[in-house]
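K.L.:
I have a structure I would like to understand better, so I am pasting it below and will then ask my questions one at a time.
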Amino acid sequence: MTSGGTRSRENTRARLLEAAAQVFAEVGLDGATVEAVCERAGFTRGAFYSNFESKDELFLELAGTVSAERLGAVRARVAELAAAGAIAQDCDATTLVQQVMDTGSDDRLGVMLLSEIRLRALRDHAWGKAYLKQEQEMVDGIARIIDDIVATGTMTLRVESGIAARMLLVIWEGMTVRGAMAGQDEAQLRRTGSEELGRLVSLLLG
């Protein structure tokens with residue numbers, strides 16, 4: 001495929017994913033049909049199925065995109081803070097975590113999407129396997145960020161980075177889900193999650 005063809009395919013996938021997010025926000029996972037997504041994106045069913053095998057694949061990729069964007073924002077913020085000398089042995093863990101998470105993109109849509117996909121994964125074994133694989137990639141990404149911080153020599157961990165990463169992810173997701181249930185906005189969701197993560201980080205540091 002030519003570079004132009006590759007870009008066109010990438011643009012089509014991106015537009016379908018954006019349309020899927022919009023339709024999901026309006027009607028949820030079960031109500032978001034392939035037809036509704038295609039209509040919103042301005043494509044035919046043929047264009048859809050040349051990019052995705054099914055609605056399930058589309059929404060699993062959308063969930064992965066949400067997670068990847070969150071992880072990318074965290075990685076960039078950590079690098080920025082490290083360059084500014086904010087990551088030091090005497091820094092306050094809660095404050096540091098809040099500074100890292102301030103640039104996050106968590107909102108009710110992302111929380112709802114991931115929650116519905118987890119529910120679907122509980123009911124469908126194939127989805128469950130795909131979701132766990134995707135989640136493990138997220139954990140691995142968090143662990144690499146933790147390893148980079150530890151490598152600076154400013155902090156030490158009481159547990160392996162992979163274990164710490166999973167604990168952080170579980171706490172973050174649990175608190176943002178509960179915050180969304182309480183009707184919190186994007187800024188409040190970040191604050192709720194970062195406060196709990198700060199407490200956990202304090203326990204994990206040696």
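K.L.:
Residues being at pLDDT below 85 and either under 15 Å from L58 (Cβ atoms) or part of a helix (DSSP H, G or I) (or both): count how many of those fall in the range 1-24. Write out each step before concluding.
P.N.:
Within the range 1-24, the first condition is being at pLDDT below 85, and the residues that meet it are 1-9.
Checking the rest, the ones that are also either under 15 Å from L58 (Cβ atoms) or part of a helix (DSSP H, G or I) (or both) come to 3-9.
Of the residues in the range 1-24, 7 are at pLDDT below 85 and either under 15 Å from L58 (Cβ atoms) or part of a helix (DSSP H, G or I) (or both).
K.L.:
Looking at V34, V100, V27, V111, which is the one that is out of contact with any helix residue (DSSP H, G or I) (no Cβ under 7 Å at 6 or more places or on another chain) and among the hydrophobic types (A, V, I, L, M, F, W, C)? Before you say what the answer is, go through the steps one by one.
P.N.:
Numbers: V34 fails: out of contact with any helix residue (DSSP H, G or I) (no Cβ under 7 Å at 6 or more places or on another chain); V100 fails: out of contact with any helix residue (DSSP H, G or I) (no Cβ under 7 Å at 6 or more places or on another chain); V111 fails: out of contact with any helix residue (DSSP H, G or I) (no Cβ under 7 Å at 6 or more places or on another chain).
Answer to the check: V27.
K.L.:
Among the candidates V170, V111, which residue alone is in a helix (DSSP H, G or I) and at pLDDT 90 or above?
P.N.:
The unique qualifying residue is V170.
K.L.:
Checking A32 against (1) over 21 Å from the mean Cα position of the chain (by Cα); (2) surrounded by 14 or more Cβ atoms within 10 Å (Cβ to Cβ); (3) over 28 Å from R191 (Cα atoms), which test does it fail?
P.N.:
(1)
K.L.:
Next question. With Q99, Q89, Q136 as the choices, which residue is assigned to a loop (DSSP other than H, G, I, E, B) and either assigned by TED's automatic domain parsing to the domain that holds G193 or under 23 Å from E196 (Cα atoms) (or both)? Break it down into steps so the answer makes sense when it comes.
P.N.:
Numbers: Q99 fails: assigned to a loop (DSSP other than H, G, I, E, B); Q136 fails: assigned to a loop (DSSP other than H, G, I, E, B).
Just one listed residue meets the conditions, Q89.
K.L.:
Could you tell me whether any residue of the range 105-122 is surrounded by 19 or more Cβ atoms within 10 Å (Cβ to Cβ) and over 19 Å from the mean Cα position of the chain (by Cα)?
P.N.:
Among the residues of the range 105-122, not one is surrounded by 19 or more Cβ atoms within 10 Å (Cβ to Cβ) and over 19 Å from the mean Cα position of the chain (by Cα), which makes the answer no.
The values are calculated or read from the model by the stated rules, or taken from the named source; none is laboratory data. All figures in this text were calculated on a predicted structure; none of them were measured in a lab. Cβ coordinates were reconstructed from backbone atoms using ideal geometry, including for glycine residues, and neighbour counts include every protein chain displayed.
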